[in-house]
Each structure stands twice: as structure tokens, then as C-alpha cells.
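The values are calculated or read from the model by the stated rules, or taken from the named source; none is laboratory data. All values reported here derive from a predicted model rather than from experimental measurement. Counting neighbours? That spans all protein chains shown, and the Cβs are built from the backbone with ideal geometry, glycine included. To get the accessible areas, we keep the full protein, side chains included, count just its heavy atoms, and leave off ligands, DNA and RNA. Shrake-Rupley method; radii C 1.70, N 1.55, O 1.52, S 1.80 Å.
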Amino acid sequence: MAEETLTITDNRTGRRYEVPIRDGAIAATELQKITADGPGSGLLSYDPAFLNTASCRSAITFIDGERSILRYRGYPVEELAERSTFLEVAYLLIHGELPDRGQHRDWVDAITHHTLLHENIKKLIDGFHHDAHPMGILVGTVGALSTFYPDAKDIFNSESRRLQILRLIAKMPTLAAFAARHAVGKPYAYPDNDLSYAGNFLNMMWKATELKYEPHPVLERALDVLLILHADHEQNCSTNVMRAVGSSHADPFSATAAAAAALYGPLHGGANEQVLRMLKEIGSVSRVPEYVQRVRSGQIRLMGFGHRVYKNYDPRAQIIKKVADDVLAVTGRSPLLDIALELERVALADDYFVKHRLYPNVDFYSGIIYAAIGFPVEMFPVLFAIGRTPGWLAQWQEGLLDPEQKIARPRQVYTGPAERHLPGVRAPTLTLPQRGRENLRK
Ligand code: CMC
């Protein structure tokens, strides 16, 4: 069998190096051994935006972007979306296995009993301006929870970690619903422990004066499936932030606030909001070709299209399309769906999209469902954050317990000025090692 190594010849020095290959990767630190100018001049790998750099070993989520495969802990997402609930999937992501009957009962019970917020959080939300974006409120309040639970700093205590994980999964929907109701000036609706995770969220969003809110079973299930589809997606932008903040041993509330902030951007979790705005801007099926032309000419991006990893159809988008049919059968057909379907049809036949291998991603159809259920567009990224929370936490915990991990601290290729001095200051004489890589490269 061929050896699992890579031989590198440094043409600057003529020296040859043997680098071990493990699991299809070479350790970037091996490159440090390749030096041309003495100490401190070891080769770096340069990879802005991590296009081809694995930052961790992970046993949580598998993606094959060429073959449209997404699996959580080995289970195809299609099977989980069909047969599981969001809380089962959350358990799976965190623990590595699906719960048995007793574990499931205890897990659901524990999450249900952690949904309440400290009353002071309500005061905090009251302090936001009436038109504050709910994602901004979520980022602020989930970070603030860290001050309510100082025990969360005990990150190497497994019992403490379990408690914070329960709190975070339980309280995210409450924070989200309170943020939404703040915007419309409605009194906050408290959690109802009789309802499912998704059903309770609908209750906290829309309960009015009725004694008991009864979620529509189709909408409740649709929301649960959407949360499953968003639950994890290996090393995406926000998860990378979660791990990076966690690597400094910050508490999980602070790390989740940072991850949610990363998710907020329109290139990531904010894309679903942009898709709906885009569909409204297009306005009618007849204007689709003109819009696609603007994308082709580079004026705009087609939101909800394209992915760093998927170079084929995003498997989540396939499932969401089916869920959209179920939801719209209840709520009535949306003209936005017709525009989206036409946009997809035109784009997939267009050579720009074919050449760039751009397909609909998870955000393309999710907004149509959210809008049909009645969520305001500003809530779309918030819904993404609720779904992604178990994934963030599973990844945070995995990173924390991984003996190969340290504080995340990338290197850089310095491109600024070489050493210089203020007028009148004489240059100190530095020895070669002190001057380091910067001057050696000049
Ligand atoms: N519309 C038009 N052109 C696009 C698009 C798009 N949506 N996405 C990528 N391209 C083009 C881009 O212009 C570039 O072309 P060229 O090589 O000719 O300059 C090429 O495709 C590669 O693009 P990139 O920006 O280098 O690709 P990336 O892997 O860095 O970006 C992305 C991935 C998701 C940020 C990007 O596809 C995008 O901006 N999509 C729209 C926003 C969106 O839908 N985001 C949600 C992603 S899925 C949910 C999530 O995980 O957050």
C-alpha cells in the first residue's frame, strides 16, 4: 500500500520534507519545519476564510457538498426530518446517540422546565427601542443571561455544562418570542409546559386573550422540521465563532451571543430575511428574467442561492420545499412561492448559475414558510438561531473537551511597513531572532 505521506521539496533550499497525511489532511504545523532563512521563518499556510483548512476534528455533522449529503451523527437529515422531533435531534447532537424512552422523557421535561426567564430580562427587553431588530435583542439578551448564571463559568464541570445546555435550548425561544412581542407592544406570553417545543414557541408568539393557545398541528410540525433542518451544519461561520469564543474558556451564554451575532449577517442566517425582501422586490413572475439578468451582470447576488460547501442542491432546501406545500395547503397559496419557483427554474437553466454551481440553499424557501405561518421577516434569522442552538452547544462542548484544541489564534502574513522610527529616535540594534519573520521577509 502507498505510504500516507506527502513529500515536499523546497526549491529555495533544495531540502525535502516528509509530511504525514492523517484522515486526508496534513497538519499545518508540519509546514513550520520548512525554513529558508533560519528560526522564525517556517512556512505558513495562507487560507483567508478557511477555504481549505480543517480547524478541528468533529464527530457531529457530516456534509458531502458534491452529493447533497447532510448527516447528524451519521443519520441522514431526511430521515430525522421525517421521523424525529427537534428535541430528539438536539439530544442526538449533544450526546451522540438518540435518546431511549426514559432519556427522552427526562430531556424534554428538563428543557420544558427551564423555559422561563428571570423577570429582569423582561426589563432589559423593555429598554430596547420599539423598532429594535429582534436578532439584536436576542444577541444582547442571550449574552446578558451569562450575568444571571455565574455558575456557567464552570465549563469543565459536566453537570454545569449540562445545566447551561438545557437552559440555552429552553430559553432561546422565550427570548425570541419576547423580542417579537416587544416590537408590536404586546404583553409577553409565558411558556406553556403542556405544549411541544415548537407549539410552545407559537404560543409565546401569538397567544392573545384565549385561556389556552392551541397551535395548528401542521404549522407546529412544519416549524419543528425547520428547526431540525437548521440544527447543525458543521464548521459554518457562526459555529466557528462559537468554537473560537469557547476556546478562550468564556461561558456558553457569551459564546452563544457571539455565534448569534455571526449568524445575523446577510451572507449567513440573515439570508432568509433577504430572500423574502428580494421576492417582494421582484413582485411578479414576469419580472424574474430581468432580475436574473441583474444577478448575471454582477449587480446583485441572488439571496438564498449558493453555498461554500454545497455545489449541488442543498438537501435541506429539498425538504423545505415539501414542507412549504403542507403549510401553504393550510394557510393558502402565497404569490411569493410562485415567484420563488420561477426564480429557481430560470436560475437553474441559466449558464451563469450552472457555471458557478449555484443552487437554492436552506434559506431560499424557509422564509416563505415562516411568512405563511405569520412570522414577521425580522424574525427569520431569529428562528434560524433557535434551531442552530443545539448544534452550537454540541460543537462548543466537543471543542472544549478535545485535547488537541487550544485557544483559537490564527497566524497572519504581515504586509505593513517594515520597522521605522519616530523623528529623532535612533533605531535600537536588534539581534536577528528578535527581528523575526517581519524583517527577514523584506
Ligand atoms: N448570486 C450570484 N452569484 C453568486 C452567489 C449568489 N447568491 N453566490 C456566489 N456567487 C458567485 C460569486 O459572485 C463568485 O463569482 P466569481 O467567481 O465569478 O467572482 C462565485 O459565485 C463564488 O462566490 P463566493 O462568494 O466566493 O463563494 P463563497 O463560498 O465565499 O460564498 C455564500 C458562499 C453562501 C456566502 C454565497 O454563495 C452567497 O453570498 N450567497 C447568498 C447569500 C446566502 O444565500 N447565504 C445563505 C447561505 S446557506 C445558510 C447558511 O449556512 O448561512
* Could you check, for the stretch 165-182, whether at least one of its residues is in the same structural domain as ASP363 (by TED's automatic domain parsing), open to solvent by 10 Å² or more (accessible area, probe 1.4 Å) and not in a helix (DSSP H, G or I)? => no
Of ILE300, ILE339, the only residue that is more than 10 Å from the ligand (Cβ to nearest atom) and at pLDDT 90 or above is ILE339
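Per-residue answers, yes or no, for (1) closer than 30 Å to GLY65 by Cβ; (2) not aliphatic (A, V, I, L, M):
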| site | (1), (2) |
| --- | --- |
| LEU6 | yes, no |
| ARG15 | no, yes |
| TYR46 | yes, yes |
| ALA49 | yes, no |
(1) crowded, with 24+ Cβ neighbours inside 10 Å; (2) over 22 Å from the mean Cα position of the chain (by Cα) all hold for LYS153 apart from (1)
Given (1) touching a residue at least 40 places away in the same chain (Cβ under 8 Å); (2) of a type in the set (D, E, K, R); (3) within 28 Å of ARG67 (Cα to Cα); (4) assigned to a helix (DSSP H, G or I), LYS311 misses just (4)
Residue check: is GLU82 of a type in the set (Asp, Glu) and within 22 Å of ALA385 (Cα to Cα)?
yes
Only one of (1) surrounded by fewer than 19 Cβ atoms within 10 Å (Cβ to Cβ); (2) under 22 Å from GLY246 (Cβ atoms) does not apply to ILE60, and that is (1)
The stretch 340-425: helices (runs of 4 or more DSSP H) wholly inside it with 1 or more residues that are within 30 Å of THR174 (Cβ to Cβ) and touching an Asp or Glu at 6+ places or on another chain (Cβ under 8 Å) are 362-373, 380-401
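How many residues does the stretch 263-277 contain that are more than 10 Å from the ligand (Cβ to nearest atom), assigned to a helix (DSSP H, G or I) and buried (at least 20 other Cβ atoms within 10 Å of the Cβ)? Lay out the reasoning, then the answer.
Narrowing the stretch 263-277 to residues more than 10 Å from the ligand (Cβ to nearest atom): 264, 273, 276-277.
Next, only the ones that are assigned to a helix (DSSP H, G or I) stay: 273, 276-277.
Okay, now just the ones that are also buried (at least 20 other Cβ atoms within 10 Å of the Cβ), so 273, 276.
Counting residues in the stretch 263-277 that are more than 10 Å from the ligand (Cβ to nearest atom), assigned to a helix (DSSP H, G or I) and buried (at least 20 other Cβ atoms within 10 Å of the Cβ) gives 2.
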Log entry, pairs with first residue in the stretch 183-195 being under 22 Å from PRO134 (Cα atoms), second being among the acidic types (Asp, Glu) and outside any loop (DSSP other than H, G, I, E, B), beta carbons closer than 9 Å, six or more apart or on different chains, reads ALA183/GLU378
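Only one of these is touching a Pro at 6+ places or on another chain (Cβ under 9 Å) and at pLDDT 95 or above: ILE34, ILE60, ILE8, ILE69. Name it.
Working: ILE34 fails: touching a Pro at 6+ places or on another chain (Cβ under 9 Å); ILE60 fails: touching a Pro at 6+ places or on another chain (Cβ under 9 Å); ILE8 fails: touching a Pro at 6+ places or on another chain (Cβ under 9 Å).
The match here is ILE69.
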Subset of the stretch 228-262, residues within 19 Å of GLU88 (Cα to Cα) and either near the ligand (Cβ under 10 Å from one of its atoms) or within 12 Å of the chain's Cα centre (by Cα) (or both), comes to LEU229, HIS230, ALA231, ASP232, HIS233, GLU234
From the option list ARG67, ARG101, ARG161, ARG105, single residue qualifying as among the charged types (D, E, K, R) and surrounded by 19 or more Cβ atoms within 10 Å (Cβ to Cβ) is ARG161
